[in-house]
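A.B. asks: First the structure, then my questions, so here it is.
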Amino acid sequence: MANARYWLMKSEPTSFSIQDLRAAPKKTTSWDGVRNYQARNFMRAMQRGDQVLFYHSNADPPSIVGIAEVVREAYPDQTAFDPKDSHYDPKSTRAKPVWDMVDIRLRRIFASPIPLDRLRDESRLQRMELLRKGSRLSVQPVRPEEWALILSLAGS
DNA sequence: GCCAACGTTGGC
DNA sequence: GCCAACGTTGGC
């Protein structure tokens, strides 16, 4: 895993929580429903073995709650094809898919989630996309040094 | 529940 | 190409 890279993915726990991921078959899920080009492009850049911080947005408090791993690289998001799905997008067809998803598998749930406020306290994390005012990007890269610091905050 | 920030859409 | 209107995100 020398070349593993690091990412952060947001999910509202009322929609899909890290506990839901733990309960999923093989503790694995498809990260469907992303409808933002920048986030999609980051998913397309993901490689098997890349590590992912799992973030609970719209939570109390919003927090990084654990770690997952990319187990399948980008492939077409089927939910975009289904008119009955809330993520349906007629722009995306089976012949020319617009939206992709990846599969991730749970690695670890933090005993103590790291709240957003705690992250803001860290001068070394000030460049994180997550902390940028107005940032809404749901899939974003994380620098190796940020990853290391966050893991140290989570404890071993 | 509020609302600022953001991305997308569509009229022109 | 501009930009107002709109819908969504997500912290508070």
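The values are calculated or read from the model by the stated rules, or taken from the named source; none is laboratory data. Everything quoted here is computed from the prediction, not taken from an experiment. FYI the Cβ positions are ideal-geometry reconstructions off the backbone, even for glycines, and counts take in every protein chain you see.
A.B. asks: Output the number of the condition that residue A:41 fails; it satisfies all remaining conditions of (1) surrounded by 13 or more Cβ atoms within 10 Å (Cβ to Cβ); (2) closer than 20 Å to residue A:128 by Cβ; (3) of a type outside the set (A, V, I, L, M, F, W, C).
C.D. replies: Evaluating residue A:41 over (1) surrounded by 13 or more Cβ atoms within 10 Å (Cβ to Cβ); (2) closer than 20 Å to residue A:128 by Cβ; (3) of a type outside the set (A, V, I, L, M, F, W, C) leaves (1) as the failure.
A.B. asks: If you don't mind, another one. Scanning for something in contact with an Asp or Glu (Cβ under 7 Å, 6 or more places away or on another chain) and under 18 Å from residue A:17 (Cβ atoms), does segment A:107-122 turn up at least one residue? Full working, then the answer.
C.D. replies: We begin by selecting, within segment A:107-122, every residue in contact with an Asp or Glu (Cβ under 7 Å, 6 or more places away or on another chain); these are A:107.
In the following step, the residues that additionally are under 18 Å from residue A:17 (Cβ atoms) were identified as A:107.
There is at least one residue in segment A:107-122 that is in contact with an Asp or Glu (Cβ under 7 Å, 6 or more places away or on another chain) and under 18 Å from residue A:17 (Cβ atoms).
A.B. asks: Now a separate question. Working only within segment A:137-150, note down all residues that are closer than 16 Å to residue A:54 by Cα, in contact (Cβ under 8 Å) with a residue 12 or more places away in the chain and either loosely packed, with under 14 Cβ neighbours inside 10 Å or of a type outside the set (Lys, Arg) (or both).
C.D. replies: Passing the criteria: A:137, A:138, A:139, A:140, A:141, A:142, A:144, A:146, A:147, A:149, A:150.
A.B. asks: Same structure, new question: Scan segment A:90-108 and give yes if some residue there is within 25 Å of residue A:27 (Cα to Cα), surrounded by fewer than 16 Cβ atoms within 10 Å (Cβ to Cβ) and of a type outside the set (Lys, Arg), otherwise no.
C.D. replies: No, every residue in segment A:90-108 fails to be within 25 Å of residue A:27 (Cα to Cα), surrounded by fewer than 16 Cβ atoms within 10 Å (Cβ to Cβ) and of a type outside the set (Lys, Arg).
A.B. asks: Would you pick out the residues in segment A:105-136 that are touching a residue at least 40 places away in the same chain (Cβ under 8 Å) and away from DNA strand C (no atom under 16 Å from the Cβ)?
C.D. replies: A:105, A:106, A:107, A:108, A:109, A:110, A:111, A:112
A.B. asks: Looking at this structure, is residue A:137 under 14 Å from the mean Cα position of the chain (by Cα), under 19 Å from residue A:15 (Cα atoms), hydrophobic (A, V, I, L, M, F, W, C) and away from DNA strand B (no atom under 16 Å from the Cβ)?
C.D. replies: Considered against the rule, which asks whether it is under 14 Å from the mean Cα position of the chain (by Cα), under 19 Å from residue A:15 (Cα atoms), hydrophobic (A, V, I, L, M, F, W, C) and away from DNA strand B (no atom under 16 Å from the Cβ), residue A:137 comes out as no.
A.B. asks: Working carefully through the options A:125, A:137, find the one that is at pLDDT 95 or above and over 25 Å from residue A:19 (Cα atoms).
C.D. replies: Checking each option against the conditions leaves just A:125.
A.B. asks: Which one of these does residue A:10 not meet: (1) at pLDDT 95 or above; (2) among the basic types (Lys, Arg); (3) touching an Asp or Glu at 6+ places or on another chain (Cβ under 8 Å)?
C.D. replies: (3)
A.B. asks: Tell me yes or no: at least one residue of segment A:44-65 is aromatic (Phe, Trp, Tyr) and surrounded by fewer than 21 Cβ atoms within 10 Å (Cβ to Cβ).
C.D. replies: Taking segment A:44-65 as the starting set, the residues that turn out to be aromatic (Phe, Trp, Tyr) are A:54-55.
Within this subset, residues satisfying the condition of being surrounded by fewer than 21 Cβ atoms within 10 Å (Cβ to Cβ) are none.
No, the conditions are met nowhere in segment A:44-65.
A.B. asks: I'd like to verify a number: residues in segment A:38-95 that are within 17 Å of residue A:8 (Cα to Cα) and hydroxyl-bearing (Ser, Thr, Tyr), how many?
C.D. replies: 3
A.B. asks: Sticking with this structure for a sec: Of the residues in segment A:137-156, how many are outside any strand (DSSP E or B) and of a type in the set (Val, Ile, Thr)? If you could, list the steps in order and put the result at the bottom.
C.D. replies: As a first pass, look at segment A:137-156 and keep what is outside any strand (DSSP E or B): A:137-138, A:143-156.
Going one step further and asking which of them are of a type in the set (Val, Ile, Thr), we end up with A:150.
Residues flagged as outside any strand (DSSP E or B) and of a type in the set (Val, Ile, Thr) within segment A:137-156 amount to 1.
A.B. asks: Going by the conditions given, is residue A:80 among the small types (Gly, Ala, Ser), away from DNA strand B (no atom under 16 Å from the Cβ) and either farther than 19 Å from residue A:6 by Cβ or surrounded by 15 or more Cβ atoms within 10 Å (Cβ to Cβ) (or both)?
C.D. replies: no
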